[in-house]
Amino acid sequence: MSRNFLYPDIETKQCRCCLKLKPINEFYPAKQNVDGVKSYCDKCCNSKVGTWREKNRIKIKEYNFRAKIKRNYGITYEQYEEILKSQDFSCSICKVHISKLNRRLHVDHNHSTGKVRGLLCGCCNTAIGQLKENIHNFTNAISYLKKED
């Protein structure tokens, strides 16, 4: 089946990258182009995208992080930075500085309300999650840790 919806009678096209004449079904659709498909074949297009991604790995990682905190927590990267600065660039619970960690601080939020509480290291964020954000569980954990052997 042809990918070319605008000109179904066109069967082949020359790729502008590899210059090979290829079947039209080896080109991605592109409605903005006159013939309805991209100028580069699938293989060349994928190669170009892969090369770009390799060169821009840090940019992509930063973009994904910004999108994630906006989508999941409703805060912008600038708000994340403000919270980080207000916490002296440290975990809100254990006070470990970000320079001692190999990852960013996690956005801690109330799962019921969605309200952001602060930024935590992975260990503290996991601990809160494991105790189901339940103050009763934390109180029991504190009592347990205070027990003498």
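The values are calculated or read from the model by the stated rules, or taken from the named source; none is laboratory data. Computed from a predicted model, the values in this text were never measured in an experiment. Backbone-built Cβ (ideal geometry, glycine too); neighbour counts: all protein chains shown. Keep in mind that these areas ignore ligands, DNA and RNA; they rest on the heavy atoms of the full protein, side chains included. Shrake-Rupley method; radii C 1.70, N 1.55, O 1.52, S 1.80 Å.
What nm value, rounded to one decimal, do you get for the distance between GLU11 and PHE89 when each label is placed 7 Å out toward the C-beta?
Result: 6.5 nm between the two label points.
Name the residue from ILE75, GLN32, ILE60 whose Cα lies farthest towards the positive end of the charge dipole of the range 24-114, charges +1 on Cβ of Lys and Arg and -1 on Cβ of Asp and Glu.
Positive-most Cα among the choices belongs to ILE60.
Mind listing the phi-derived Karplus ³J(HN,Hα) values for the range 28-37, rounded to whole Hz, using 6.51, -1.76 and 1.60 with θ = phi - 60°, and x for any glycine or proline?
So the J values, rounded to whole Hz, are 6, x, 8, 4, 6, 7, 4, 8, x, 9.
Residue-wise, which Karplus ³J(HN,Hα) couplings in Hz belong to the range 56-72, taking 6.51 cos²θ - 1.76 cosθ + 1.60, θ = phi - 60°, and x for glycine or proline?
The phi angles translate into 10, 4, 5, 4, 5, 4, 5, 4, 4, 5, 4, 5, 5, 5, 5, 5, 7 Hz.
On C-alpha positions alone, give me the angle between the axis of helix 77-86 and the longest principal axis of the chain, in degrees, nearest 10.
20 degrees
Using amide H atoms built 1.01 Å from N in the peptide plane, name the residues 5+ places from PHE27, or on other chains, whose amide H lies under 5 Å from its own.
When sequence neighbours closer than 5 places are left aside, the close amide H contacts are ASP42.
When only Cα pairs under 8 Å and 6 or more residues apart are kept, what is the percent relative contact order across the range 1-134?
13 percent
Stretched out fully, how many nm does the piece from ILE60 to ASN25 gain, at 0.36 nm a residue minus the Cα gap?
Stretched fully, the ILE60-ASN25 segment lengthens by 9.6 nm.
Give me the net charge of SER112's neighbourhood, meaning all other residues with Cβ under 15 Å from the Cβ of SER112; Lys, Arg count +1, Asp, Glu -1.
Summing Lys and Arg as +1 and Asp and Glu as -1 gives +1.
So for the range 60-115, averaging the separation of alpha carbon pairs under 8 Å that are six or more residues apart and normalising by length, what relative contact order in percent results?
Rounded, it is 25 percent for the range 60-115.
Using only the heavy atoms of the protein chains and a 1.4 Å probe, how would TYR28, TYR144, TYR80 rank by accessible area, largest first?
Accessible-area ranking of TYR28, TYR144, TYR80, largest first: TYR144, TYR28, TYR80.
For ALA67 paired with LYS48, estimate the spin-label separation in nm (one decimal), with each label point 7 Å from Cα along the Cα-to-Cβ line.
Each label point is offset 7 Å from its Cα along the Cβ direction, giving 2.0 nm.
Calculate, for the range 1-133, the solvent-accessible area per residue in square angstrom, rolling a 1.4 angstrom probe over the heavy atoms of the protein chains.
73 Å²
Ordered by residue, what ³J(HN,Hα) values in Hz, to whole numbers, does the range 118-131 give under the Karplus form 6.51 cos²θ - 1.76 cosθ + 1.60, where θ = phi - 60° and Gly and Pro are x?
x, 10, 10, 6, x, 5, 5, 5, 5, 4, 4, x, 5, 8
State the label only: which of [x] 22.4, 72; [y] 25.8, 84; [z] 25.4, 70 corresponds to Rg and Dmax of the Cα atoms in Å computed from the shown model?
[y]
Determine the calculated [θ] at 222 nm for the chain from helices alone, applying -39500 (n - 2.57) to every DSSP H run no shorter than 4 residues and normalising by the residue count; nearest 500 deg cm²/dmol.
Taken over the chain, the calculation gives -13000 deg cm²/dmol.
At what distance in angstrom do the alpha carbon centres of the range 23-39 and the range 111-149 lie from each other?
Taking the Cα centre of the range 111-149 as reference, the centre of the range 23-39 is 55 Å away.
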